[in-house]
1. With +1 on each Lys and Arg Cβ and -1 on each Asp and Glu Cβ, how big is the dipole of segment 7-92 about its Cα centre, in debye rounded to the nearest 20?
2. Can you tell me how much longer the chain between residue 93 and residue 16 gets when fully stretched, taken as 0.36 nm per residue apart minus their C-alpha distance, in nm with one decimal?
3. Using Cα-Cα distances under 8 Å and only pairs 6 or more residues apart, what relative contact order does segment 7-92 have, in percent?
4. Could you work out how far helix 7-37 tilts from the main Cα principal axis of the chain, as a 0 to 90 degree angle to the nearest 10?
5. Grab the DSSP H runs of the chain that are 4 residues or longer, score each as -39,500 (n - 2.57), total them, divide by all residues and round the 222 nm result to the nearest 500 deg cm²/dmol.
6. Between residue 61 and residue 44, with labels modelled 7 Å along Cα→Cβ, what's the label distance in nm to one decimal, could you check?
7. Under a cut-off of 12 Å between alpha-carbon atoms, report the aspartates and glutamates in cross-link reach of residue 37, not counting same-chain residues fewer than 8 places apart.
8. From the backbone phi of segment 50-65, what are the Karplus-calculated ³J(HN,Hα) couplings (6.51 cos²θ - 1.76 cosθ + 1.60, θ = phi - 60°) in whole Hz, Gly and Pro given as x?
Amino acid sequence: MLPYISITFKKRYVPELVSERLTHAEKRANDIKEIIKGRPKTGFEIVQALFPTKYQSEPMLTVSETVGHLDLLIEWGEIVEEMDKGVLKYRTIV
């Protein structure tokens with residue numbers, strides 16, 4: 001944080017920022033569950049569905065964000081990883 005930003009600013013906006021980030025994480029998690037609801041998908045298929053116009057120009061960012069959300073969903077017990085003919089896929093838990 002920049003040194004000239006006041007403590008009042010931090011106290012006022014940090015909780016709001018945290019709330020926004022958590023809301024975004026939940027929305028993205030729900031988006032991913034919708035993408036894989038019909039059939040298991042690879043991580044890259046999920047990236048393509050989430051970021052159809054950005055995955056080619058910003059592959060590190062889009063893959064990183066997707067992997068982070070997949071990790072959260074696994075941790076929350078909402079999806080699982082499974083191997084399908086040597087390919088790692090993600091599916092919702094029925």
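1. Numbers: 14 positive and 14 negative charges, 41 e Å.
Computed charge dipole of segment 7-92: roughly 200 debye.
2. Contour length minus Cα-Cα distance gives 24.5 nm.
3. It comes to 32 percent, rounded to a whole number.
4. Between the helix axis and the principal axis of the chain, the angle is about 10 degrees.
5. -20500 deg cm²/dmol
6. Going by the 7 Å Cα→Cβ label model, 2.1 nm.
7. Residue 37 reaches 78.
8. Those phi angles translate into 6, 10, x, 9, 10, 4, 7, 7, 9, x, 5, 5, 5, 5, 4, 5 Hz.
No lab work stands behind these numbers, since they all come straight from the coordinates. Everything numeric in this text was worked out from a predicted model, so none of it was measured. Don't worry about glycine lacking a Cβ; one is built from the backbone with ideal geometry, like all the others, and counts go over all protein chains shown.
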